[in-house]
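One structure below.
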Amino acid sequence: MTGRPLVLHVTGARPNFPKAAPVIQALRTHDVEQLLVHTGQHYDDRMSQVFFTELGLPRPDVDLGIGSGTHAGQTAAAMVGLEEVMTTRHPALVVVYGDVNSTVAAALVAAKLHLPVAHVEAGLRSFDRTMPEEVNRVVTDRLSDLLLVTCADAADNLRAEGVDPAAVHLVGNPMIDTLLRHRGRLDQERARSEVGLAAEGDYVVATLHRPGNVDDREHARRAVATLHQVADHCPVVLPMHPRSRPRLLDVGLLDHPGIRPADPLGYLGFLSLVQGASVVVTDSGGVQEETTVLGVPCLTLRPNTERPVTITHGTNALTTHAELPAAVASRLAAGRPAAGSTPVPPLWDGHAGPRIAAVLAGSVGAA
Ligand code: UD1
Ligand code: UDP
């Protein structure tokens with residue numbers, strides 16, 4: 001026992017890791033002890049371990065190994081494991097990230113143990129309760145004592161829900177800290193050759209994993225038809241999330257020579273490809289943000305986004321299946337915007353981690 005306040009971080013799924021890394025790093029300069037719990041919601045090496053290695057995250061102190069399941073099964077398994085850890089370790093603060101099932105599980109357990117909760121990436125709203133992430137965001141924010149927001153509209157959403165403004169801190173985007181920190185390591189040439197692309201020429205990177213796009217056979221068929229239309233213009237590299245892979249393959253994804261399927265890529269390999277792409281097509285939350293900072297045109301295949309700041313201050317646009325092929329063609333014709341010519345949201349500057357760490361340390365009375 002050091003007597004220093006214990007800050008317990010809970011991560012579980014791929015998008016959590018680039019958000020947690022800069023916070024954990026920045027907290028090392030404060031007088032706190034840290035404990036990293038990985039719920040094991042994501043467990044394939046390519047969905048989990050590769051991020052620990054590439055981002056220099058510490059090995060988790062506890063891996064709950066909950067694995068996959070239904071929403072209730074997965075959330076409950078995480079809660080049971082987290083309850084034991086929190087009851088044994090008595091953290092002064094529990095820090096949760098993003099909007100996955102592990103996030104809401106941790107917030108629920110901590111709140112019932114009367115432990116303060118800090119939510120990194122609070123306040124984002126798609127206003128679409130059919131998305132499981134929206135339910136997780138609303139519940140997590142409701143239970144959180146500290147709400148760390150990436151952008152002003154997230155603070156507005158919380159204010160409209162009656163959250164005490166004193167609990168809300170506009171700190172910027174820690175996922176962008178990670179991107180800017182590792183940007184110099186991106187290697188487009190290598191990434192192209194690893195997915196079988198020629199050294200020159202346009203290509204599109206696509207990622208699809210939202211249940212609304214891939215779960216149902218008809219939706220998957222429609223997504224594949226749309227990707228085939230895009231592949232008529234130029235090669236489409238598709239690193240496939242394990243959720244999507246069987247469904248997309250089953251409805252004929254590979255029946256077009258322009259589709260370049262890939263396993264989920266590591267962080268550096270993926271962002272190297274994104275950086276060199278002419279256009280990105282996605283339904284990912286994080287990728288909308290990363291393309292904005294890299295200045296790569298992004299077309300989000302969803303009816304809404306919880307990240308409207310990437311449209312107002314970035315390169316993102318929402319699109320439908322019917323509109324997507326023409327939208328890609330027009331961006332290919334226009335060419336990539338000149339470097340630095342697209343806007344970036346305020347405070348997405350690589351220093352969110354230290355700002356968050358200062359708020360967290362202050363809340364537990366640590367220097
Ligand atoms: C989860 C998050 C989603 C996030 C996404 C990031 C929830 C409700 N959803 O969705 O918000 O955008 O992570 O990638 O928390 N699987 C594997 N190996 C793994 C992980 C998953 O094969 O390492 C497969 C399993 O078949 C599993 C399926 O993917 O059933 C879905 O995994 P799950 O964690 O339930 O949800 P995601 O779709 O990954
Ligand atoms: N990502 C990755 N490899 C891939 C696809 C995505 O490293 O093959 C990274 C991406 O750059 C971002 C994070 O994973 O940092 C986003 O995760 P995901 O799209 O799974 O989740 P979401 O942001 O939609 O919740």
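Among (1) closer than 30 Å to LEU146 by Cα; (2) outside any loop (DSSP other than H, G, I, E, B), where does ALA326 come up short?
(1)
Answer yes or no as to whether HIS228 is farther than 30 Å from HIS71 by Cβ, in a helix (DSSP H, G or I), in the same structural domain as THR291 (by TED's automatic domain parsing) and away from ligand 1 (no atom under 16 Å from the Cβ).
So HIS228 passes the test.
Since ARG4 meets every condition but one in (1) touching a residue at least 24 places away in the same chain (Cβ under 8 Å); (2) open to solvent by less than 70 Å² (accessible area, probe 1.4 Å), which condition does it not meet?
Among (1) touching a residue at least 24 places away in the same chain (Cβ under 8 Å); (2) open to solvent by less than 70 Å² (accessible area, probe 1.4 Å), ARG4 violates only (2).
Would you point out which residue out of ARG125, ARG137, ARG159, ARG192 is in contact (Cβ under 8 Å) with a residue 60 or more places away in the chain, more than 21 Å from VAL94 (Cα to Cα) and part of a helix (DSSP H, G or I)?
From the options ARG125, ARG137, ARG159, ARG192, the qualifying one is ARG192.
Name the strands (runs of 3 or more DSSP E) wholly inside region 246-306 in which the number of residues that are within 16 Å of ligand 1 (Cβ to nearest atom), touching a residue at least 60 places away in the same chain (Cβ under 8 Å) and open to solvent by less than 10 Å² (accessible area, probe 1.4 Å) is 2 or more. Full working, then the answer.
On the way: elements: 259-262, 279-282, 298-300.
In region 246-306, the matching strands (runs of 3 or more DSSP E) lie at 279-282.
Within region 204-218, can you find the residues that are more than 15 Å from ligand 2 (Cβ to nearest atom) and either under 21 Å from ASP232 (Cα atoms) or in a loop (DSSP other than H, G, I, E, B) (or both)?
The answer is ASP216, and nothing else.
Considering only region 99-116, state which residues are free of Cβ contacts under 8 Å to residues at least 40 places away in the same chain and surrounded by 24 or more Cβ atoms within 10 Å (Cβ to Cβ).
Those that are free of Cβ contacts under 8 Å to residues at least 40 places away in the same chain and surrounded by 24 or more Cβ atoms within 10 Å (Cβ to Cβ): VAL104, ALA107, VAL109, ALA110.
Okay, residues lined up against (1) closer than 18 Å to THR103 by Cα; (2) within 16 Å of ligand 2 (Cβ to nearest atom); (3) open to solvent by less than 20 Å² (accessible area, probe 1.4 Å); (4) assigned to a helix (DSSP H, G or I):
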position: ARG46; (1), (2), (3), (4): no, yes, no, yes
position: THR53; (1), (2), (3), (4): no, yes, no, yes
position: PRO58; (1), (2), (3), (4): no, no, no, no
position: ALA72; (1), (2), (3), (4): yes, no, no, yes
position: ALA78; (1), (2), (3), (4): yes, no, yes, yes
position: GLY81; (1), (2), (3), (4): yes, no, yes, yes
position: GLU84; (1), (2), (3), (4): yes, no, no, yes
position: THR87; (1), (2), (3), (4): yes, no, no, yes
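Go over the candidates VAL139, VAL120, VAL149, VAL96 one by one and state the one that is among the aliphatic types (A, V, I, L, M), open to solvent by 40 Å² or more (accessible area, probe 1.4 Å) and farther than 23 Å from LEU301 by Cα.
VAL139
Suppose we keep only residues that are in contact with an Asp or Glu (Cβ under 9 Å, 6 or more places away or on another chain) and under 13 Å from LEU249 (Cα atoms) within region 209-220. Which one would you say is most open to solvent (accessible area, probe 1.4 Å)? First the steps, then the outcome.
Let us first name the residues in region 209-220 that are in contact with an Asp or Glu (Cβ under 9 Å, 6 or more places away or on another chain), namely 209-210, 212-214, 217, 220.
Adding the requirement that they be under 13 Å from LEU249 (Cα atoms) leaves 214, 217, 220.
On the way: VAL214: 0, ARG217: 118, ALA220: 1 Å².
Here the answer is ARG217.
Hey, does region 163-180 have a residue that's farther than 17 Å from GLY98 by Cα, under 17 Å from the mean Cα position of the chain (by Cα), open to solvent by 30 Å² or more (accessible area, probe 1.4 Å) and away from ligand 1 (no atom under 16 Å from the Cβ)?
For region 163-180, residues farther than 17 Å from GLY98 by Cα, under 17 Å from the mean Cα position of the chain (by Cα), open to solvent by 30 Å² or more (accessible area, probe 1.4 Å) and away from ligand 1 (no atom under 16 Å from the Cβ): present.
The values are calculated or read from the model by the stated rules, or taken from the named source; none is laboratory data. Note that this is a predicted model, so its numbers are computed, not measured. Here Cβ is always computed from backbone atoms with ideal geometry, including for glycine, and neighbour counts include all displayed protein chains. Calculation scope for accessible area: heavy atoms of the full protein, side chains included, ligands and nucleic acids excluded. Shrake-Rupley method; radii C 1.70, N 1.55, O 1.52, S 1.80 Å.
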